[in-house]
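One structure below.
The values are calculated or read from the model by the stated rules, or taken from the named source; none is laboratory data. Here the structure is a predicted model, which is why all the values come from computation and not from measurement. Positions of Cβ are backbone-derived with ideal geometry, glycine not excepted, and every protein chain shown enters the neighbour counts. Surface accessibility is based on the protein's heavy atoms, side chains included, excluding ligands, DNA and RNA. Shrake-Rupley method; radii C 1.70, N 1.55, O 1.52, S 1.80 Å.
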Amino acid sequence: MRVFKFGGASVKDADAVRNVGEILRLFPEDKILVVVSAMGKTTNAMEEIARHLYEKNYDEFRSLVADRKRFHLQIVDALFEEKNHPIFTTVKTIFNDLGNRVNVPIAENYDFEYDQIVSLGEVVSTKIVQAYIDNLYHNSAWLDARKLVRTNHAYREAEVDWEKTQSLIQKAIAEHADKKIFVTQGFLGHTDEGFTTTLGREGSDFTAGIFAYCLDAVDVTIWKDVPGMLNADPKWFDNTVKLDSISFREAIELAYYGASVIHPKTIKPLQNKQIPLFVKSFLNPEAEGTVIQSSMENDDLVPSFIFKMDQVLISVTPKDFSFIVEENLSRIFAVLSACNAKINIMQNSALSFSFCVDGKTNLTCLQEKLSEEFEVKVNEGLELVTIRHYDTETIDRLTVGKETLLEQKTRQTARLVIKNVMAE
């Protein structure tokens, strides 16, 4: 069994879905499990639908549901010449049932409602993709991840029950032993009572890792609109280089620091069973791409750069001029938790503690709570740059016209919080 994961961009319209079918044609001898995300920007739209329903903005809710229904029916209409194909009714039923949610009591737990609604983006996407693939090959099965991936009750960030999940997945595959292609949803799971959960935004990569682990897959391929893993995001860095081969360890490090190609949770189950992970282009599927595997021999060949923009550096000093010790740190971290703030980098001296958060963080909450005991200094509009396998020349090139406010270095990683002074 091989596992393929196709994200929203790779199924964004009818031509993209046809391209998925052509990629599968390149592997005529293989059994393949296909993990599919919601189409295009549907997850964002479904989040808005959930919010408007919860806030009882029924006109906006109905309008957005109708828009998503039209969007998916247009794709179906372009894919299927047979206009009485059951997929038309399937799509209409999903969105008609969603529209009727205005007549159903809403749960007090917003995260619960979010998972029940947003998950439908993946459900309808996989229904369409599987119907199209079955028209081509007549040898596929649709699998419902809402009945296969068992999780706890942490809606929107559910944790996987690996033992139960493995049993359910293996049983489902055995029941369709005559099929060669299986299509299922990324991002989704279920509780023991059968309620839908989600695994966190961008969790479809993780789903591919879950199924690969449970099925002892030969490999996993994540199909992207890039030629593989690049050493930097082209939006922020010129002259990017493709990484041909890196280790599981290096991929985890890059994901931890914020590289967006691979979801951080994806790597661990694959590393546990030494299942190689390929990142390849759905625009050029026969190209080599990047392979992530156990060997570390190529990790330091090319420096990698991770840029986090719109960063805020907050520095706090005790008002009584006491040292930054464990007692102070425990109070600071309590405030961070209360304000739902996530630290991207931190550093302390004898009298101050500094940390970076994303600009979308609730800064008012942080400042108000921290100011009760500390002097608080805030610098906004900064960049956090992480360089794996750095050298002095690389750092010098990146900091031209920049002021470095915070710097950390280990043997392999340099992290800099910088401010653009040339624009001032």
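Output the number of residues of segment 253-276 satisfying the condition of being open to solvent by 50 Å² or more (accessible area, probe 1.4 Å) and either in a loop (DSSP other than H, G, I, E, B) or under 19 Å from Gly289 (Cβ atoms) (or both).
Residues in segment 253-276 being open to solvent by 50 Å² or more (accessible area, probe 1.4 Å) and either in a loop (DSSP other than H, G, I, E, B) or under 19 Å from Gly289 (Cβ atoms) (or both): 4 in total.
Say we look at segment 136-192 and pick out the residues that are of a type in the set (D, E, K, R) and in contact with a Lys or Arg (Cβ under 9 Å, 6 or more places away or on another chain); which of these is nearest to Phe4 (Cα to Cα)?
Going through the qualifying residues, I end up with Lys180.
Looking at segment 338-366 only, could you name the residues that are within 16 Å of Arg415 (Cβ to Cβ), hydrophobic (A, V, I, L, M, F, W, C) and either open to solvent by less than 30 Å² (accessible area, probe 1.4 Å) or not in a loop (DSSP other than H, G, I, E, B) (or both)?
Answer for segment 338-366, where residues must be within 16 Å of Arg415 (Cβ to Cβ), hydrophobic (A, V, I, L, M, F, W, C) and either open to solvent by less than 30 Å² (accessible area, probe 1.4 Å) or not in a loop (DSSP other than H, G, I, E, B) (or both): Ile345, Met346, Phe355, Cys356, Val357.
Spot the failing condition for Glu29; the list is (1) among the charged types (D, E, K, R); (2) surrounded by fewer than 18 Cβ atoms within 10 Å (Cβ to Cβ); (3) not in a loop (DSSP other than H, G, I, E, B), and only one is missed.
Result: Glu29 passes all but (3).
Of everything in segment 176-205, what is out of contact with any helix residue (DSSP H, G or I) (no Cβ under 8 Å at 6 or more places or on another chain), closer than 19 Å to Lys164 by Cβ and open to solvent by less than 60 Å² (accessible area, probe 1.4 Å)? Give them in sequence order.
Thr191
Condition check: closer than 25 Å to Asn19 by Cα and modelled with pLDDT of 95 or more. Does Gln170 satisfy that?
Here the answer is no, as Gln170 does not meet what is asked.
Select from segment 387-401 the residues that are open to solvent by less than 90 Å² (accessible area, probe 1.4 Å) and either among the hydrophobic types (A, V, I, L, M, F, W, C) or touching a Gly at 6+ places or on another chain (Cβ under 9 Å) (or both) and list them in ascending order.
Result: Ile387, Ile395, Leu398.
Enumerate the pairs (first residue in segment 234-256 and under 18 Å from Asp205 (Cα atoms); second residue anywhere and open to solvent by 80 Å² or more (accessible area, probe 1.4 Å) and not charged (D, E, K, R)) with beta-carbon separation below 8 Å, excluding pairs fewer than 6 apart on the same chain, so at least 6 apart or on different chains.
As it stands, the answer is Ser247/Met296; Arg249/Met296; Glu250/Met296, since those pairs meet every condition given.
Checking the conditions here, which among Val20, Val3 is touching a strand residue (DSSP E or B) at 6+ places or on another chain (Cβ under 8 Å), part of a helix (DSSP H, G or I) and under 22 Å from Ile181 (Cα atoms)?
Just a single option satisfies the conditions, and that option is Val20.
Go through segment 402-424 and give me each residue that's in a loop (DSSP other than H, G, I, E, B) and either in contact with an Asp or Glu (Cβ under 6 Å, 6 or more places away or on another chain) or surrounded by 12 or more Cβ atoms within 10 Å (Cβ to Cβ) (or both).
Gln412, Val421, listed by residue number.
Would you tally the residues in segment 124-146 being in contact with a strand residue (DSSP E or B) (Cβ under 6 Å, 6 or more places away or on another chain) and outside any loop (DSSP other than H, G, I, E, B)?
11
For segment 43-59, indicate whether the set of residues that are of a type in the set (Gly, Ala, Ser), assigned to a helix (DSSP H, G or I) and loosely packed, with under 13 Cβ neighbours inside 10 Å is non-empty.
no
Just one of the numbered conditions (1) under 24 Å from Gly21 (Cα atoms); (2) free of Cβ contacts under 8 Å to residues at least 60 places away in the same chain; (3) in a loop (DSSP other than H, G, I, E, B) is not true of Val279; which one?
Checking Val279 against (1) under 24 Å from Gly21 (Cα atoms); (2) free of Cβ contacts under 8 Å to residues at least 60 places away in the same chain; (3) in a loop (DSSP other than H, G, I, E, B), the one that fails is (3).
For the condition in contact (Cβ under 8 Å) with a residue 24 or more places away in the chain, under 23 Å from the mean Cα position of the chain (by Cα) and closer than 25 Å to Phe6 by Cα, what is the one hit in Ala38, Ala78, Ala131?
Ala38
For Ala141, only one of the following conditions fails: (1) modelled with pLDDT under 95; (2) open to solvent by less than 60 Å² (accessible area, probe 1.4 Å). What is its number?
(1)
Being closer than 13 Å to Lys242 by Cβ and either open to solvent by 40 Å² or more (accessible area, probe 1.4 Å) or without any contact (Cβ under 8 Å) to a residue 12 or more places away in the chain (or both) is the filter here; which residues of segment 282-291 pass it?
Asn284, Glu288
Can you find, within segment 367-386, the residue that is least open to solvent (accessible area, probe 1.4 Å) among those that are of a type outside the set (Lys, Arg) and in a helix (DSSP H, G or I)?
Leu370
Condition check ((1) under 20 Å from Ala212 (Cα atoms); (2) modelled with pLDDT of 95 or more; (3) hydroxyl-bearing (Ser, Thr, Tyr)) across all residues:
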| residue | (1), (2), (3) |
| --- | --- |
| Lys5 | yes, yes, no |
| Ala14 | no, yes, no |
| Val20 | yes, yes, no |
| Leu24 | yes, yes, no |
| Val34 | yes, yes, no |
| Ile49 | no, yes, no |
| Leu53 | no, yes, no |
| Tyr58 | no, yes, yes |
| Phe61 | no, yes, no |
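Hey, can you tell me all the residues within segment 314-337 that are in contact with a Ser or Thr (Cβ under 8 Å, 6 or more places away or on another chain) and either open to solvent by 60 Å² or more (accessible area, probe 1.4 Å) or more than 20 Å from Tyr257 (Cα to Cα) (or both)?
Ser315, Val316, Thr317, Ile324, Asn328
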